[in-house]
Amino acid sequence: MADEITPRRDPIKSSVGNVAAQRRRQHAITVAKERREAVVRTKRLCRVGVGGGGDDQLTYDDDGDGGDMMIDAEQSILEAQTCSAVQDLQLAMLFQGKGAMQKRVAALREVRRLLSRSEFPPIEAAIKAGAIPLLVQCLSFGSPEEQLLEAAWCMTNIAAGKPEETKELLPALPLLIAHLGEKSSLPVAEQCSWAVGNVAGEGEELRNILLSQGALPSLARMMLRNKGSTVRTAAWALSNLIKGPDPKAATELIRVDGVLEAILQHLKKADEELATEVAWVVVYLSALSHVATSMLVKSDLLQILVERLGMSNSLQLLIPVLRSIGNLVAGDAHVASTVLVIGQSITDSILPALIKCLESEHRVMKKVCLLLLQHEFGLVLTRNASMQEAAWVLSNIAAGSVEHKKLVYSSEAVPLLLRLLVTAPFDIRKEVAYVVGNLCVAPSEGSGRPKLIADHLVFLVSKGCLPGFIDLVRSADIEAAKLGLQFIELVLRGMPNGSGPKLVEKADGIDAMERFQFHENEELRCMATKLVDKYFGVDYGVDDE
Amino acid sequence: MATEVEVSREDQLKFPYWSPIRRRFDPESSFFAAGNVERELLAKQVALDLTEEEKLQFRNMEDEESSKLYCPLVGCGAHLRSLDEFEDHYTSRHSAACSVCSRVYPTSRLLSIHVSEVHDSFFQAKVARGFAMYECLVEGCGLKLKSYKGRQQHLVDKHKFPTSFEFFKKAHPSKKQRKKDQHKQAFGTKEAASRAMQMEEDTMDNLVSAVSKLSTSDSPSSISFGRRHNRGLTFVPRAVRQAKEPESSARRS
């Protein structure tokens with residue numbers, strides 16, 4: 001417990017023992033919070049150099065176990081060390097004599113180590129000690145490669161910090177961008193692109209500054225290089241740079257000569273790690289830019305994405321691939337209809353691939369649930385991102401023409417969807433509901449009520465989908481409740497021989513709808529009341545008695 | 001323009017039928033949040049040495065911390081940490097059931113209003129005497145109306161309740177079902193409903209006429225339980241009796 005004052009403190013520090021204990025407690029709380037933030041932020045700390053980092057390991061395969069990780073280091077000690085390291089750097093910068101360069105690099109390396117080994121790099125301390133102007137100086141043109149590398153590495157990790165810390169790097173940006181050029185050595189360019197990626201991940205404001213300073217063309221050209229790690233880092237940095245909300249950057253990117261080909265090439269042939277980063281670039285291109293979307297659709301991108309979808313089991317890759325497909329299908333009715341022509345190989349393979357996504361993740365989900373039970377976390381199920389997105393894509397396909405619906409309906413998706421409608425976590429159930437409902441209704445022509453596809457409805461209801469929808473009606477989520485009520489309406493209206501009302505009653509539908517009597521959402525109240533009045537009103541059940 | 005307003009009002013009244021449409025989401029939409037979290041988790045799990053436990057926490061993080069979910073029942077507004085919590089919350093806080101007729105209400109206040117209006121003879125007696133007894137259902141409004149229909153109108157006019165809203169719902173058609181399931185609220189045929197209402201009204205009438213007979217008799221002004229008990233009459237407060245007098249005089253043959 002943080003309250004204990006450990007006896008190993010030496011006498012000089014005993015007077016500040018309480019303060020230290022309090023700081024440790026605070027630290028523990030901050031640690032948890034910062035750790036969470038560190039994960040969710042779209043920035044990446046650089047722990048291993050991109051190339052030629054002296055005595056450090058060079059590969060990304062470093063298992064991170066890091067005998068060098070100073071996880072338990074007292075933050076105050078770290079900060080003190082950082083301060084003195086920056087001071088050493090300052091002295092080294094002033095030194096003009098023999099061995100000046102070695103002195104500079106050695107000092108830089110020390111600062112860099114402090115900024116990359118600890119769990120919470122002492123960024124604030126470094127900035128306070130005046131590191132940034134010194135680092136900017138170290139980035140000047142013509143400096144030796146090792147110096148550039150170390151300086152850029154330091155900046156990379158400074159940029160991985162808090163907003164106000166990242167903003168301090170403004171004077172360094174033009175230099176970082178300049179070193180992305182094709183005349184730079186590859187490791188230097190790569191390290192600088194990492195730094196730029198972190199800055200771009202900070203927010204819209206910095207993103208716009210980087211764009212106005214010409215970061216995009218240089219980063220884009222780095223995707224045309226041969227080295228895998230370079231392309232990967234550049235792609236990741238680009239995804240941070242173009243993520244908008246302004247679509248201009250995305251449009252500019254797709255127009256850079258050679259980018260489209262590079263994207264297709266990498267998606268088709270590269271290893272999963274690299275393909276993942278490139279796929280994220282495609283996510284933002286397809287989400288933000290119409291120009292990009294139409295160019296992408298004209299290429300074989302969709303075919304390539306579908307192949308990856310079918311072949312890969314890596315969750316990391318599946319998410320951006322699914323989302324890209326989803327964005328393309330959802331983007332434009334014209335796009336969707338030209339792209340998903342029935343009978344073409346794409347549509348033949350996209351379904352099995354999507355089904356596989358829904359299926360395999362289901363197994364993974366089951367495994368995770370078991371893990372949870374073992375650890376006594378209770379029955380809280382995790383949201384599984386890729387299942388939700390797979391169902392979303394499917395729902396958009398099922399929203400298409402009657403032929404598209406028939407395709408989904410007759411595939412192996414249906415039994416799986418019906419199971420998921422009952423067993424999956426809420427977000428997935430909601431998406432699955434969209435698929436099932438979309439299968440039962442033909443696209444509306446004109447202003448009339450959309451027509452029911454009766455045999456689909458009858459089949460799905462006979463397979464027991466109604467309870468799942470009624471469950472959604474009971475939820476506190478307005479969208480889900482509305483979906484549930486809309487499907488109940490289909491059943492009440494569309495089941496042959498007026499069998500709808502009895503079915504709904506049997507599944508406790510009336511009970512569920514009665515909740516809306518005192519619901520604050522007027523639309524839902526009206527919907528429920530209308531249904532009850534129309535189908536369970538005055539004449540209901542008269543024949544029975 | 002008048003026609004435009006009318007059209008939109010009509011649309012409002014129409015049921016929003018299921019229409020299959022493609023749904024698009026912005027890249028920063030909350031729909032993609034889980035996928036984004038997953039991306040960062042997977043990219044950093046080695047570098048940050050994340051445990052399975054932590055990963056799970058991060059995945060569920062959004063659900064609980066930023067949960068802007070509130071109970072949607074009128075007047076409740078309870079903060080719900082997750083959707084799963086809603087069912088429990090509903091059964092524990094919103095299932096006030098009437099012990100007489102098993103109808104269920106979402107708050108104890110509405111339940112007690114129901115009990116007064118439907119199972120309390122004195123309520124009806126007061127109504128008959130022209131007191132404004134029908135409370136507005138919206139908590140905090142405080143208005144009382146003289147008739148069920150009047151209260152209904154007030155709800156529609158002032159509080160924008162739908163015109164088809166009925167606080168007192170008719171009896172459930174499938175009587176077998178009703179006997180089985182005590183939590184079901186009532187719906188049903190006009191006959192069954194009017195029979196039920198009629199029964200209660202008859203009781204009222206009997207009571208009212210009995211009371212009037214009481215006040216016209218030459219018995220002392222106070223009623224003692226002992227003497228009248230065998231008639232099966234319940235005690236009627238003096239104020240009620242006195243208010244009844246003008247009518248009772250008309251009933252005198």
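The values are calculated or read from the model by the stated rules, or taken from the named source; none is laboratory data. What you see is a predicted model, and the numbers here were worked out from it, not measured in a lab. Glycine also receives a Cβ, built like all others from the backbone with ideal geometry; neighbour counts cover every protein chain displayed. Side chains are part of the model used for accessible areas, which takes the heavy atoms of the whole protein and leaves out ligands, DNA and RNA. Shrake-Rupley method; radii C 1.70, N 1.55, O 1.52, S 1.80 Å.
Below are the figures for this structure:
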{"quantity": "Solvent-accessible surface ranking, highest first, for A:Val393, B:Val138 at 1.4 angstrom", "calculated": "B:Val138, A:Val393"}
{"quantity": "Separation in nanometres of the label points that stand 7 Å from Cα toward Cβ, at B:Arg81 and A:Leu94", "calculated": "5.7"}
{"quantity": "FRET efficiency for A:Ser76 and A:Arg35, using Cβ-Cβ distance with R0 set to 22 Å, rounded to 0.05", "calculated": "0.70"}
{"quantity": "Anisotropy class of region A:82-194 from Cα gyration tensor, a/c 1.5 cut", "calculated": "oblate"}
{"quantity": "Tensor-based shape of region B:33-138 (alpha-carbon gyration tensor, a/c under 1.5 rounded, otherwise prolate or oblate)", "calculated": "prolate"}
{"quantity": "Estimated FRET transfer efficiency (A:Glu205, A:Asn521; beta-carbon r; R0 45 Å; 0.05)", "calculated": "0.75"}
{"quantity": "Chain lengthening between B:Glu139 and B:Ser92 when straightened (0.36 nm per residue, less Cα-Cα)", "calculated": "14.9 nm"}
{"quantity": "Accessible area of B:Met133 in the full protein assembly, 1.4 Å probe (Å², nearest 10)", "calculated": "50"}
{"quantity": "Shielding by partners - mean other protein chain Cβ count within 10 Å, residues of B:49-58", "calculated": "4"}
{"quantity": "Under the Debye formula (equal points on every Cα, no solvent term), log10 I(q)/I(0) of region B:105-169 at q = 0.13, 0.18 Å⁻¹", "calculated": "-0.33, -0.64"}
{"quantity": "Contour minus Cα-Cα distance for A:Ser185 and A:Lys406 (0.36 nm per residue)", "calculated": "74.0 nm"}
{"quantity": "FRET efficiency estimate (nearest 0.05) - Cβ-Cβ, B:Ser29 to B:Lys160, R0 35 angstrom", "calculated": "0.70"}
{"quantity": "Entries in B:Lys14/B:Lys149; A:Lys43/B:Lys44; A:Lys406/A:Lys506 that, when Cα-Cα distance is taken, lie over 19 Å", "calculated": "B:Lys14/B:Lys149; A:Lys406/A:Lys506"}
{"quantity": "Average partner coverage of A:528-536, which counts Cβ from other chains inside 10 Å", "calculated": "3"}
{"quantity": "Distance in nm between pseudo-label sites at B:Ala132 and A:Ser444 (7 Å out along the Cβ direction from Cα)", "calculated": "4.3"}
{"quantity": "Solvent-accessible area of A:His519 with every protein chain in place, 1.4 Å probe, in Å² to the nearest 10", "calculated": "10"}
{"quantity": "Flagged links, alpha-carbon separation over 26 Å, of A:Lys430/A:Lys530; A:Lys162/A:Lys183; A:Lys451/B:Lys68; A:Lys269/A:Lys298; A:Lys33/B:Lys68", "calculated": "A:Lys162/A:Lys183; A:Lys451/B:Lys68"}
{"quantity": "Packing rank of A:114-124, B:116-126, where each peptide gets the mean count of other beta carbons within 10 Å, highest leading", "calculated": "A:114-124, B:116-126"}
{"quantity": "Cβ-based charge dipole, region A:234-288, positive-most Cα from A:Ile242, A:Thr276, A:His266", "calculated": "A:Ile242"}
{"quantity": "Relative packing of peptides B:75-84, A:245-254 - highest average C-beta neighbours within 10 Å first", "calculated": "A:245-254, B:75-84"}
